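Please treat every number below as a calculation from the coordinates, not as lab data. Every value quoted in this text rests on a predicted model; they were computed, and no experiment measured them. All Cβ positions, glycine included, derive from the backbone under ideal geometry; neighbour counts span all protein chains shown.
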Amino acid sequence: MANFALESNPFNNHISDYMKFFIDTANLDQIREAQNFGILDGVTTNPSLMAKEGISGYDNVIAHYKAICEIVDGDVSAEVIATDYEGMIKEGEALAALHENIVVKIPMIKDGIRAISYFTSKGIRTNCTLVFSAGQALLAAKAGATYVSPFIGRLDDISTDGLDLIESIREIYDNYEFSTEILAASVRHTMHIVNCAQIGADVMTGPLSVILGLLKHPLTDAGLAQFLADHAKTNS
Ligand code: G3P
């Protein structure tokens, strides 16, 4: 439903001018391919994605984040491993110091909300991850998170509509003009992206295969084949 109050407010800044596309991987080749595709706005990673690429040990993890920041001129979410307040602050400050595009990814737990509040007060940007409810998203926004990451695919996995959560968060954030951006995560297929765009998610993060899946339509392929065949008939 159109929100006319917001449309008529020239100062509203809580709905992005355009939908950002992040790639959800730590694979440098895929990040390069997405960057070369020309539509990439950023990268999200998590400890599982780092492990999938065989990246282990503090120095290697740090070097990997630096390598990602060299490929992409956009926000790169780097997740803390600590789950206690002091540990998250220490790790997060070190990550934020690596590059201006690093966004510190913090889990949705009590100390995580405290840590997000702290980082907000210091001007360090955050992404609140592992969000599965509107109440959690409200807390993240209250703490000043730059991004909130609802995991829509994992909700779908347990027979709960992940897109309903995006809709609820959009409504709550619009009600109060929270500037926290809704970053739809755990995106599994192209219609997740399309539906998130319809609802007004500010960002989606997904695998390269899902982003490239948006290209596909059999009528495009058939139409192009016909155009080329007709061109060849009169230009051979
Ligand atoms: O962005 C979060 C993502 O990495 C989780 O995705 O597919 O493991 O639920 P998935």
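Divide the volume of the convex hull around the Cα atoms of the chain by the residue count and you get 166 Å³ per residue. Rounded to the nearest 500, the 222 nm mean residue ellipticity of the chain from helices alone is -15000 deg cm²/dmol, with -39,500 (n - 2.57) taken per DSSP H run of at least 4 residues.
Working from label points 7 Å from Cα in the Cα-to-Cβ sense, the ILE109 to LYS90 distance is 1.5 nm. In this rough spin-label picture, where each label sits 7 Å from Cα along the Cβ direction, the ILE81-ALA197 distance is 3.8 nm.
For the pair ARG188 and TYR176, label points projected 7 Å from Cα toward Cβ lie 3.1 nm apart.
Screening the chain for whole DSSP H helices of 15 Å or more along their axis (Cα) with average Kyte-Doolittle hydropathy at least 0.0 returns 58-71, 218-234. Structure note, pairs LYS52/LYS142; LYS20/LYS66; LYS66/LYS216; LYS52/LYS216; LYS142/LYS216: Cα-Cα distances above 29 angstrom occur for LYS52/LYS142; LYS66/LYS216; LYS142/LYS216.
By the compact-protein rule of thumb, 2.2 N^0.38 Å, the alpha-carbon radius of gyration of the range 149-230 corresponds to a ratio of 1.39. Given R0 = 30 Å, the distance between the Cβ atoms of GLN226 and ASP17 translates into a calculated FRET efficiency of 0.25.
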